[in-house]
1. Which of these, Ser16, Ser66, Ser169, has the largest mean-square fluctuation under a Gaussian network model of the chain (Cα springs below 10 Å)?
2. Along the charge dipole of region 2-175, pointing to its positive end and built from +1/-1 on Cβ of Lys, Arg, Asp and Glu, which listed residue (Val39, Ile135, Met83) has its Cα farthest out?
3. If you take the square roots of the eigenvalues of the alpha-carbon gyration tensor of the chain and sort them as a ≥ b ≥ c, do you get rounded (a/c under 1.5), prolate (a/b over b/c) or oblate?
4. Could you rank the peptides 161-168, 50-57 by their average count of other C-beta atoms within 10 Å per residue, with the highest value first?
5. Could you pull out every one of the lysines with an alpha carbon less than 23 Å from that of Lys41, ignoring same-chain neighbours closer than 8 positions?
6. Can you bin region 43-152 into rounded, prolate or oblate? Criterion: square roots of the alpha carbon gyration tensor eigenvalues sorted a ≥ b ≥ c, rounded for a/c under 1.5, prolate for a/b above b/c, oblate for the rest.
7. State whether region 1-102 is rounded, prolate or oblate according to the following rule on the C-alpha gyration tensor (a ≥ b ≥ c being the square roots of its eigenvalues): a/c under 1.5 gives rounded; otherwise a/b larger than b/c gives prolate, and the remaining case gives oblate.
8. When the chain is treated as a GNM, springs tying every alpha-carbon pair under 10 Å, which of Ser17, Ser62, Ser149 comes out with the largest mean-square fluctuation?
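Nothing in this text is a laboratory measurement; each read-out follows from the coordinates by a stated rule. Predicted model, so just to flag it, every value in this text is computed and none were measured. Reconstructed Cβ throughout: ideal geometry from the backbone, glycine too, with neighbour counts over all protein chains shown.
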Amino acid sequence: MRACILVASAEKKDVSSTSGMQATVATSALFQERANNVVPKRMKAMEKAILDRDFEAFAVLSMKDSNNFHATCLDTAPPIFYMNDTSRAAVRLCDAINDAAGKVVCGYTFDAGPNAVVYFLAENEERVAGTFKNILGDKTGWEGKNIKSEVQVPEGNEVAVESLKKGISRVIITSVGDGPRKTEEHLC
């Protein structure tokens, strides 16, 4: 699995994660449903997707959960807006990539901030990361990565493309590693 992180903002947030969560717990009508029903069911489904190595199920669950989290933030009083226009453009482009592929080849998630984490399998790197590189190839983060950018952006996404060009400052390309390793190396 690979990830393309689209950095939309490194600025300090208007509402911190801690105070935002406190406000959500206190004021969101959606929060109890999320906490008591949505998240426990999704966790079981996510565990199954991971054990089954079912990327499509993993991606769909990730996107649904991210959307549900942000809906809960919007249901908070006053509403919390962690995502911005650039974030929403990343969502639109992921949807367009999946539509063009005829199946789910990428998924996104957002934490309490505007930066998109776009997941995809190595076999779909050119289709997914290549599309983003086609748009954001002038941003830092692509150096040393051999990602082809000949993939055309699906038609009808001009607004999303312009928003990404204006709003993304850099990209981070990474992949799942082999896990933690013990080492005797240290700074001292």
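1. Its mean-square fluctuation being the largest, the pick is Ser16.
2. Val39
3. Numbers: a/c = 1.39, a/b = 1.26, b/c = 1.11.
Rounded is the answer for the chain, as its axis ratio a/c remains below 1.5.
4. On the way: 161-168: 18.0, 50-57: 13.4.
Descending mean neighbour count gives 161-168, 50-57.
5. Output for Lys41: Lys64.
6. On the way: a/c = 2.16, a/b = 1.26, b/c = 1.72.
Oblate, since a/c reaches 1.5 and b/c is not below a/b.
7. Numbers: a/c = 2.16, a/b = 1.25, b/c = 1.72.
Taking the square roots of the gyration eigenvalues as a ≥ b ≥ c, region 1-102 is oblate.
8. Comparing Ser17, Ser62, Ser149 in the GNM, the peak value goes to Ser17.
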